[in-house]
Structure formats: C-alpha cells, structure tokens
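A.B. asks: Submitted below is the structure of interest, expressed as structure tokens.
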Amino acid sequence: MTISDRATAMDAFLDRSGWGGAQRNPLAGDASTRRYIRLVEGDRTAMLMDAPASAEAPLCPPDATPEERAELGYNATARLAGSNLVAFAGLADALCERGFSAPRILASDIENGFLILEDLGDDLIARLLPDQLHEGTIYAQAVDVLAAIYRSTFDDHVSVDGETWPLLAYDDTALLAEANLFLEWYLAKHAGVELDQAALDEWNAIWAKAFKRLDSCPPGLVLRDFHAENLLYLPDRDGPAALGLLDFQDALMGHPAYDLVSLLEDARRNVERKLAVPLKARFVEQAGIADSAGFDAAYAVLGAQRNAKILGIFVRLAVRDGKQRYLDLLPRVARYFVGDLQHPALMELNLWIKTHAGAVLLDAHK
C-alpha cells in the first residue's frame with residue numbers, strides 16, 4: 001500500500017468510526033513500526049494506532065520447530081508479535097475483561113492495520129516520579145498489578161473480529177535468542193570480542209541449565225515490557241485498574257519473575273535498590289507462590305537473561321540505527337547484569353562472563 005493509499009484508507013476508517021472530523025495530533029514514535037495519533041473532537045479524545053501490515057519479519061507459527069523459527073528470523077525465534085493487531089487488540093480485550101486498564105478497543109480495521117483505542121492520558125509513572133508520586137507506594141501498586149495478572153487465568157489464544165492469536169510459551173528457544181543479542185551486538189560490536197565455538201557451546205549449555213530454574217512455579221501471562229515508561233497513573237480507578245498498561249502485544253506464557261525484573265531493574269531509570277527485597281517478597285506473597293527460594297533463583301536467571309538482551313539491543317540501536325544516546329544507558333544495565341550473576345544459580349555464567357566478557361564488568365563500574 002502506497003503512502004497515499006494508506007492515507008485514504010485511514011481517512012475512510014476514521015469516517016466509518018465517527019472520528020472523521022477529529023483533530024489529529026501525532027505522538028512521538030516508539031521503537032516499533034507502529035505510530036500513534038491522538039484524536040481530539042470537542043471534549044472527547046481517542047488514540048489512533050497505525051500499524052502497517054508486513055512491515056516486520058515473519059511471525060512464529062504455533063507448531064514451528066526451533067530450526068524453522070530460526071529460518072523465519074528473529075521475530076519468530078523470539079516469538080514477537082511485531083505489528084500484528086490481532087495480538088494487541090485481543091490481549092487488550094482479555095486484560096480489560098479481567099479488570100485491568102489496557103486501552104479499550106473502540107474500533108478496528110485489522111486488514112488495513114488501524115485501531116482506535118481508549119485514550120488513557122499521558123501520565124506515565126516515569127514522568128511523575130519522584131516529584132508527584134512516592135516511589136515505594138507506586139511500585140508496590142505495580143507489583144500488586146503483576147500479582148493480580150499472575151492470579152488470572154487466560155485461554156490459550158485471544159481473538160478479535162473473528163481472528164485469533166495464540167498465547168505461546170516463553171520457551172528456551174525464545175529466551176536464548178534474546179540472550180544471544182548480547183553476543184551478537186554487545187560483545188562483537190561494542191567490545192570487539194570474537195568467540196570460538198567452544199565458548200559458544202559453553203554459553204548455550206550454561207543457559208540451558210539455568211532455564212531449568214524456571215520450572216519453580218506454574219507459568220502465567222508475561223507482558224514482557226512492564227516498566228515505568230509503560231505504566232500510566234490512573235488515580236480515578238480502583239485496585240489493579242489504577243495503573244494503565246501499554247506495550248503488551250508480545251505477551252507469552254512464562255515465569256512471572258520476568259515482568260518483576262522488568263519493573264525493578266529498569267534500564268531507563270534508577271529504582272531505589274532497597275525496594276527490591278520487600279517488593280519481591282510482596283509479589284511472592286500476593287501471587288501465592290510457595291517456593292520463594294525457587295522464585296528468587298528464577299528472578300536472577302531472568303534478570304541476567306533480560307539484561308543481556310538489553311545490552312545487545314542498546315548497542316544495536318546505537319550501531320545500526322545511529323541512536324548513540326543508548327550507549328549512555330549501558331552502565332546501569334551492566335550493573336544490573338553483574339548483580340544478577342552473583343546469585344548461586346548463575347555461578348557458571350558468572351565465571352564465563354569473567355573469562356570472555358570482561359568489558360561488561362568495566363561498564364558496570366562506570
């Protein structure tokens with residue numbers, strides 16, 4: 001679809017949906033191919049999501065083998081939804097049905113890649129901290145939301161307009177593909193380290209062993225990007241609905257420690273370190289997790305996995321996309337990563353890093 005054809009399709013969708021006369025105010029873009037436009041007409045507002053189809057790599061067929069996923073590319077290997085609007089709209093509906101504040105879907109044109117969403121405002125908690133919100137209080141509230149999501153049950157798929165999207169497992173293949181961004185970008189492009197096959201084989205074996213720690217509790221819905229810049233403050237709502245949820249389209253079924261790590265080991269802001277222990281304990285209690293030691297080990301494993309991924313992504317954004325500002329964030333993420341490695345469950349990975357990836361230790365001390 002040409003730019004002109006897409007503009008015509010957008011105009012037609014807005015007309016059909018009763019928003020044809022609205023003022024259109026584009027928002028700053030995120031890291032995906034989506035873009036958002038705030039629609040304003042009188043005293044009502046909404047958000048238009050514009051997500052062109054086929055703009056990213058192929059997605060993961062539910063029954064694809066690891067080898068088939070690798071051939072399809074990173075989105076399939078890591079089980080990302082890309083610009084798929086069925087994933088976003090279906091998950092939004094599923095979350096809303098369970099009392100959470102995802103944006104309600106007001107109108108949809110899945111074929112052409114358009115959604116009109118409820119406008120939840122601009123009060124991201126990252127922008128309100130620390131002047132307008134108390135960090136301990138709002139983070140406890142976010143932990144309560146995560147525990148409520150974990151206690152909720154979800155079907156094995158979501159649907160919208162007669163189309164379905166599977167809620168697949170956050171499996172070892174996806175987790176390792178993400179961790180490997182550390183090798184491909186951080187080590188190779190940032191640190192200039194070339195690994196031999198023996199080191200690569202050892203890396204793979206270490207992660208395979210570490211991922212066994214993730215069997216410590218039943219899987220739940222993992223949103224995969226749960227942090228202060230994706231949470232909206234909604235003080236007029238009660239309970240878990242008092243925080244608005246953004247960027248959940250890549251959700252999978254996995255270990256609940258992943259989203260807790262995302263929240264407490266935030267790549268973009270310093271979270272008060274003394275909050276981590278009581279907030280982890282709060283989550284374990286509210287989520288009804290029996291094996292607190294097993295949860296703590298899984299938290300360390302997923303912390304290391306996520307921070308390895310982010311180190312790779314930030315270097316990729318700087319090297320490939322020219323976004324040099326992301327290099328300024330490396331020391332914080334490196335400190336999280338090195339901290340996670342101190343858990344006994346990761347002794348082997350800690351030794352591997354000291355042997356092959358000393359650059360991350362240097363970044364952690366900047």
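All of the numbers you see were taken from the coordinates with simple rules; none came from a lab. Treat the numbers as computed from the prediction; the structure is a model and nothing was measured. Cβ atoms come from the backbone with ideal geometry, glycine included; neighbour counts cover every protein chain shown.
A.B. asks: Could you give the dipole magnitude of the chain about its Cα centre, charging the beta-carbon of Lys and Arg +1 and that of Asp and Glu -1, in debye to the nearest 20?
C.D. replies: Charge dipole, the chain, about its Cα centre: 1160 debye, nearest 20.
A.B. asks: For segment 3-364, how many pairs of lysine residues have a Cα-Cα distance under 20 Å, where the two are 8 or more positions apart or belong to different chains?
C.D. replies: Qualifying lysine pairs in segment 3-364: 8.
A.B. asks: What percent does the relative contact order of the chain come to when contacts are Cα pairs within less than 8 Å and at least six residues apart?
C.D. replies: Once divided by the residue count of the chain, the mean separation gives 16 percent.
A.B. asks: Semi-axes of the equivalent ellipsoid for segment 3-364, please: Cα gyration tensor eigenvalues, times 5, square-rooted, ordered largest first, whole Å.
C.D. replies: Value: 34, 24, 20 Å, ordered largest first.
A.B. asks: Now for a separate question. Among Gly312, Ala297, Pro344, pick out the residue whose Cα is farthest towards the positive end of the charge dipole of segment 283-366, where Lys and Arg carry +1 and Asp and Glu carry -1 on C-beta, about the Cα centre.
C.D. replies: Gly312
A.B. asks: Can you bin every Cα-Cα distance in segment 231-366 into 10 Å intervals starting at zero and give me the percent of pairs per bin, rounded to whole numbers?
C.D. replies: Computed distribution, short to long bins: 11, 36, 36, 15, 3, 0.
A.B. asks: Okay, moving on. Quick one: among Asp266, Asp340, Asp156, which has the greatest mean-square fluctuation in a GNM of the chain with alpha-carbon springs under 10 angstrom?
C.D. replies: Largest GNM mean-square fluctuation: Asp156.
A.B. asks: As a footprinting exposure proxy, order Cys217, Cys96, Cys60 by other Cβ within 10 Å, with the fewest listed first.
C.D. replies: Taking fewest neighbouring Cβ atoms as first place, the list is Cys96, Cys217, Cys60.
A.B. asks: Right, another one. When the dipole is taken about the Cα centre of segment 127-184, and only Lys, Arg (+1) and Asp, Glu (-1) are charged at their Cβ, what size is it in debye, to the nearest 20?
C.D. replies: Here the size comes out at about 300 debye.
A.B. asks: Please sort by residue number the trypsin sites (Lys or Arg not before Pro) in segment 260-305 whose DSSP state is loop and whose Cβ has at most 16 other Cβ atoms within 10 Å.
C.D. replies: When the trypsin sites (Lys or Arg not before Pro) of segment 260-305 are filtered for loop state and at most 16 Cβ neighbours within 10 Å, Arg268, Arg269 remain.
A.B. asks: Search the structure for amide H atoms under 5 Å from the amide H of Leu231, placed 1.01 Å from N in the peptide plane, and list their residues when 5 or more places away or on another chain.
C.D. replies: Correct list: Ile125, Ala126.
A.B. asks: How large is the dipole of segment 235-366 about the Cα centre if only Lys and Arg carry +1 and Asp and Glu carry -1, each at its Cβ, rounded to the nearest 20 debye?
C.D. replies: Value, rounded to 20: 600 debye.
A.B. asks: Turning to a different aspect of this structure: Starting with the fewest neighbours, write out Leu117, Leu341 ranked by other beta-carbon atoms found within 10 Å of each beta-carbon.
C.D. replies: Going from least to most buried by this count: Leu117, Leu341.
A.B. asks: Quick one: Leu223, Leu27, fewest Cβ neighbours within 10 Å first, how do they rank?
C.D. replies: Leu27, Leu223
A.B. asks: Projecting each Cα onto the charge dipole of segment 3-364 (Lys/Arg +1, Asp/Glu -1 at the beta carbon, about the Cα centre), which of Leu106, Cys96, Leu260 comes out farthest on the positive side?
C.D. replies: Going by the Cα projections, it comes out as Leu260.
A.B. asks: What number in nm² do you get for segment 138-288 if you take the convex hull of its Cα atoms and divide its surface by four?
C.D. replies: 11.5
A.B. asks: Picking from Leu214, Gly322, Pro66, whose Cα lies most toward the positive end of the charge dipole for the chain (charges on Cβ: Lys, Arg +1; Asp, Glu -1)?
C.D. replies: Gly322
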